[in-house]
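Worksheet: one structure, shown below.
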Amino acid sequence: MTATSPAGLLGRVLANAGMLLGGRTLNAVISLGYMALAARSLGVANFGVLVLINTFAQFIGDVARFQSWQTVLQFGPAPLAEGRRADFQRVIRFGLVLDVASAVAGVAIGVVGVLLFGSLLGMPQGMAGPAALYAITIAFMVPATQIGLLRLFDRFGLLSVQAAISSLIRLIGGAVGFVIDAPVSFFLLVWGAGTLAGLIYVSVIAWQELRRRDLISGFSWSGPLTAGMPGAWRFAVATNASASVEVAFTHVATLAVGALLGPTEAGLWRVARQIADAMAKPARLLIPAMYPELAKLRASGGEAVMQRLAVRVGVIGGGFATLLLLVAIFAGEPLLALVMGKDFANASNTMVWQVGAAVIGVWALPLEPMLVSMGRPGAVLQVRLVVAAIFLAALSPIVNTYGLPGAGAALVGASLATALGMFWSLWRVMRPKDPSRRA
């Protein structure tokens, strides 16, 4: 078995995912802990306000943020492998410029947006000031280049700690807030501090890795951004747009529930999504572990191996996620009551729908990395745009008619449509060309 055989690559993907799993499993537990502390301390209504403010900041951050980690993985492997340090540094500089621009734009849009539209989303009038201050944390949500570098260097063990550090800060602060019966603004401060801690950590270790590999020497902020990187701007814009559209199924859905049904229902929706995400997280960790291997295979022309690797990853992840769906069906309500309190048990049906949507996404998880790695981020964007437009158009009448379960069912439909669209797009890219059909 060679390191570049499907079995060898799958082993490396699973090993890297396992490294992430250790930190992310710890993070999932800690995340549920700080969410539970906030929920029990604030109550359903005020917890919903906290969720709406945090979700709005994450929404703006995700829309403004360029996926520069994908840019690093797309354009970085070849110069790194060939020892072209100056070219590799150009990739880093381009990613960092994208990150800085994202941070500045995100904070500006976030502050203005929350002041203008906060009340329309269900935020109480008195929370406009704290919400605007919390929007500053958008600047801390964009260490995408650093994450891309650590993934490219196969430093998944170091990377796995980032989320756990952020959550640990929130857990400690949440415990203090629970003891002193703190208001929403205190929890906003604590959650923002956690985000900042994660940024500092990942930035420091990425810089240390660059220095250890002697990739810092001669680095300069000046010079052409994309020389030797054909299509870099098009790739960056397409991946950013695709990720921005994806928030329609996460943050926008939460904000829509808050606007249509109120903060209480938004809090229940967010709790259900938190549990669903935690249950699907182990399988989803195969995605960041898979991207670097696909990028390296693409750089060396190994498309056939890419296909076999993608199939194996999908089967392993999908099978595991399906088992977790059964757990949600039979143990969802007592699980929610135990972790978050009895007032949140009503979100169990919604949680099952959300886990179902996550399971569909996990079965299809290799499709997007394959398309992006093959230089087709535009195909991903097209699928997400169409599905998101239909989902958002249908969400309001469905939620008004069927409430939270209706929103969950709509999410399942969107997840299935996205998976089918990605599969069709990938089939078109990879199907054998028929010479007899040429003009």
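About its Cα centre, the stretch 90-205 has a charge dipole of approximately 320 debye under the convention of +1 per Lys or Arg Cβ and -1 per Asp or Glu Cβ, with nothing else charged. Placing a label point 7 Å from the Cα of residue 400 along the Cα-to-Cβ direction, the residues of the stretch 239-275 whose backbone N falls under 13 Å from that point are 260-261.
Other residues whose C-beta falls under 11 angstrom from the C-beta of residue 205 contribute a net charge of +2, scoring Lys and Arg +1 and Asp and Glu -1. Between residue 423 and residue 180, the contour length at 0.36 nm per residue exceeds the Cα-Cα span by 82.3 nm.
Bear in mind these aren't lab numbers, they're just calculated from the coordinates by the rules spelled out. It should be emphasised that the depicted structure is a prediction, and the values quoted were computed from it without experimental measurement. As a convention, Cβ positions derive from the backbone with ideal geometry for all residues, glycine included, and neighbour counts pool all protein chains shown.
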